[in-house]
Amino acid sequence: MKAVYIINGFLESGKTEFITFTMQQPYFRSKGKTLLLLCEEGENEYDEELLAATNTVVEVIESSSDLNSSNLLSLEKKYKPERIIIEYNGMWPYKDLKLPWHWKIGQQITIINAATFPMYYNNMRSMIGDMVRKSELIIFNRCDGIKDLASYKRNMMALNRSAEIVFEDKDGEVTATMEEELPYDVSATHLELTPETYPIWFFDMLDTPERYENKSVSFLATVVRPDGFPAGHFVPGRSAMTCCADDIAFLGFVAKYKDAAQYEKGDWIYITADVKHEYWADYKGVGPVLYVKEVKRAEKPKEEVLNLV
């Protein structure tokens, strides 16, 4: 099997700088050849001495149609690399990436220029979704002077809840940028959530669960009960558009309620519950569990799907 590492992002996002930095690290200097596939060429170029020192060969891929199994097998036969790095073109759809069957993705990393992120997110959200959805690591660079990094993190969590998200300035990782003024009093013992604040609360619960331990919340929700769910449990939550109309995610946490069987999938309710954190198999570990105190039937809202803009 050939290990493949995909570094993606839009032009001038910092992909070349990231790969160059990685190549300079001692752990990169392993035995065998590295094949670096460039799917676009920005202002920065790779240093020839560094390429020689790391036994790295570069091939430029001119179009997405050239990134197919036949061409890639020819390059493998030509260079016999131990590993492959693909500096992917952020404007190419991922459906065009056709790897040979024995090329296995070892890691996918997305690099984002924080200064230009709002423009791309507002106008090319589906493309960003394609980039980050399977990424294990998302790096925002050039974060100097940007005050709204917490919303950047929520946007990424909406697209990929499992990825590690890192913020860097010109000197390295940013460590004190994630505090923000939340649109509700987080010190209160009870929170009344609105359609606007529900997704903020949801993602902040995932990111900083200790803030909400032993607090109570109330919110309008629709009921979901997955197949095989145990009696006395359901999932209240809201659907939200993460990229486009065809990409809708359900944002909800498991809830324990003795009368859960009274409510069917799709019912609308107004729920009040205490927040706990405990083991749940579907979480594959400890996560938020809502202990329901009160449920009232509610009318379906005019806007059923929340828009995460």
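The values are calculated or read from the model by the stated rules, or taken from the named source; none is laboratory data. Owing to the predicted nature of the structure, the values given are computational and were not obtained by experimental measurement. Here the Cβ is made from the backbone with ideal geometry for all residues, glycine too, and neighbour counts use every protein chain on show. Just the protein is used for accessible areas: all its heavy atoms, side chains included, with ligands, DNA and RNA removed. Shrake-Rupley method; radii C 1.70, N 1.55, O 1.52, S 1.80 Å.
General observations
- Some residue of the range 235-252 being at pLDDT 90 or above and over 25 Å from the mean Cα position of the chain (by Cα): no
- Selected residue (criterion: nearest to Ser216 (Cα to Cα)) from residues of the range 275-308 that are touching an Asp or Glu at 6+ places or on another chain (Cβ under 9 Å) and of a type in the set (A, V, I, L, M, F, W, C): Val275
- Per this entry, Asp247 is counted among residues that are open to solvent by less than 50 Å² (accessible area, probe 1.4 Å), in contact with a Gly (Cβ under 8 Å, 6 or more places away or on another chain) and more than 27 Å from Arg211 (Cα to Cα).
- Residue satisfying all of: in the range 217-240; out of contact with any helix residue (DSSP H, G or I) (no Cβ under 9 Å at 6 or more places or on another chain) and aliphatic (A, V, I, L, M); most open to solvent (accessible area, probe 1.4 Å) among these: Val224
- Among the residues making up the range 110-160, a single one is touching a Ser or Thr at 6+ places or on another chain (Cβ under 9 Å) and of a type in the set (Asp, Glu): Glu136.
- Test for Lys284: is it on the phi < 0 side of the Ramachandran plot and open to solvent by 20 Å² or more (accessible area, probe 1.4 Å): no
- Candidates Ser187, Ser135 - the one that is out of contact with any helix residue (DSSP H, G or I) (no Cβ under 6 Å at 6 or more places or on another chain), of a type in the set (S, T, N, Q), more than 24 Å from Tyr279 (Cβ to Cβ) and surrounded by fewer than 20 Cβ atoms within 10 Å (Cβ to Cβ): Ser187
- Taking residues in the range 213-229 that are over 18 Å from Tyr198 (Cα atoms), and partners anywhere that are surrounded by fewer than 17 Cβ atoms within 10 Å (Cβ to Cβ), the pairs with Cβ atoms closer than 6 Å and at least 6 places apart or on different chains are Arg225/Lys265.
- The range 60-78, residues that are open to solvent by 60 Å² or more (accessible area, probe 1.4 Å) and under 17 Å from Pro93 (Cβ atoms): Glu62, Ser65
- If you filter the range 289-309 down to residues that are modelled with pLDDT under 95 and in a strand (DSSP E or B), you find that the one that is least open to solvent (accessible area, probe 1.4 Å) is Leu306.
- The range 1-37, residues that are part of a helix (DSSP H, G or I), within 17 Å of Gln107 (Cα to Cα) and either in contact (Cβ under 8 Å) with a residue 12 or more places away in the chain or aromatic (Phe, Trp, Tyr) (or both): Lys15, Thr16, Phe18, Ile19, Thr20, Phe21, Met23, Tyr27, Phe28
- Flag for Trp280 being touching a strand residue (DSSP E or B) at 6+ places or on another chain (Cβ under 8 Å), among the aromatic types (Phe, Trp, Tyr) and modelled with pLDDT of 95 or more: no
- Filter result for Thr177 (modelled with pLDDT of 85 or more and open to solvent by 30 Å² or more (accessible area, probe 1.4 Å)): no
- Residues satisfying the stated conditions in the range 92-122, i.e. under 19 Å from Asn141 (Cβ atoms), open to solvent by 20 Å² or more (accessible area, probe 1.4 Å) and touching a helix residue (DSSP H, G or I) at 6+ places or on another chain (Cβ under 7 Å): Tyr120
- Members of the range 250-262 found to be open to solvent by 30 Å² or more (accessible area, probe 1.4 Å) and under 30 Å from Ser126 (Cβ atoms), listed by number: Phe250
- If you go through the range 241-280 and keep only what is in contact with a helix residue (DSSP H, G or I) (Cβ under 9 Å, 6 or more places away or on another chain) and either more than 30 Å from Pro118 (Cβ to Cβ) or without any contact (Cβ under 8 Å) to a residue 24 or more places away in the chain (or both), you end up with Asp246, Val254, Val275, His277.
- Whichever residue in the range 24-53 is over 18 Å from Gly90 (Cα atoms) and among the aliphatic types (A, V, I, L, M) and, among such residues, is most open to solvent (accessible area, probe 1.4 Å): Ala52
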